[in-house]
Amino acid sequence: MSPAKTLVLAVDQGTTNTKAILVDPAGQVVGRASVGLSVTYPQPSWVEQDAAAIWQSVQKCIDDVLAAMPTGSSAQPVALGISNQRESVVLWERNTGEPLAPCVIWQCQRGVQLVDELKQQGAADDVHARTGLALDPMFSASKMSWLLDNTPGARQRTEQGELCLGTVDSWLLFKLTGGQVHACDMTNASRTLLFNLHTLDWDEELLRLFRIRGRCSLRFDLPPANSAVRSLAVVSQPASRSPA
């Protein structure tokens, strides 16, 4: 395909909205779209979103931005980049792609009890040394553990390999590839409290500390440590035709 006919599609999945833009080889924006999202507060200090609504907002943004291209244009997106809200967590079924709980977003403090217990055990310094982060419920690990503890059957089903657990980029990548890829990039991994900055890999001790075991963990799909920017997957379907 001629470079003049290639476009890059970028998706920015944020807390309050999802945006998409199309960029041409000269760096000019040739299309844009935005879809708003709601946030719910089921009780004080708890913050969550509908995981399915997040995916649907991405679908609609992509559909809208492609539909806005000039009639008769032969230019086509050849790459898709994702930027996303960090620390937020989704738990879903591997076979159906259906979320089993709301997306527990970065602002949520429902993991504070586990974090306080770990602080009392003296874990804070070791966690910081491994991850570069403070032991805080804002980060993903305590949210992941909470979801596994409070979603019926989740602990057992993860041991059987039936569930996926991950950050928002991993949720979107799974959906965009029709369930073929369960992975996240290093920048998202580094905000989970589970990623060791020295080994550039998931940290087995931290996974044990936060009680995140079983094949739901993203550690087997982590991109190679030497790739700051790389292709994670091939998106073979238009967003509107991917599994709902």
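The values are calculated or read from the model by the stated rules, or taken from the named source; none is laboratory data. Since the structure is predicted, the reported quantities are computational estimates derived from the model, not experimental observations. Glycine also receives a Cβ, built like all others from the backbone with ideal geometry; neighbour counts cover every protein chain displayed.
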Scan the stretch 57-70 and give yes if some residue there is touching a Gly at 6+ places or on another chain (Cβ under 9 Å), surrounded by 11 or more Cβ atoms within 10 Å (Cβ to Cβ) and closer than 17 Å to T177 by Cα, otherwise no. yes
Against the conditions (1) modelled with pLDDT of 95 or more; (2) in a helix (DSSP H, G or I), where does D63 fall short? Just the number, please. (1)
Among residues belonging to the stretch 12-36 that are without any contact (Cβ under 8 Å) to a residue 24 or more places away in the chain and not in a strand (DSSP E or B), point out the one that is surrounded by the most Cβ atoms within 10 Å (Cβ to Cβ). P25
Can you find a residue that is more than 17 Å from the chain's Cα centre (by Cα) and either assigned to a loop (DSSP other than H, G, I, E, B) or of a type in the set (F, W, Y) (or both) anywhere in the stretch 187-197? yes
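So that you can scan it fast, the table gives a plain yes or no per residue for (1) buried (at least 19 other Cβ atoms within 10 Å of the Cβ); (2) in a loop (DSSP other than H, G, I, E, B); (3) out of contact with any Gly (no Cβ under 8 Å at 6 or more places or on another chain); (4) modelled with pLDDT under 95:
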site: G97; (1), (2), (3), (4): no, yes, no, yes
site: G122; (1), (2), (3), (4): no, yes, yes, no
site: V127; (1), (2), (3), (4): yes, no, yes, no
site: K143; (1), (2), (3), (4): yes, no, no, no
Is it fair to say L7 is within 28 Å of S190 (Cα to Cα) and either in contact (Cβ under 8 Å) with a residue 60 or more places away in the chain or assigned to a helix (DSSP H, G or I) (or both)? no
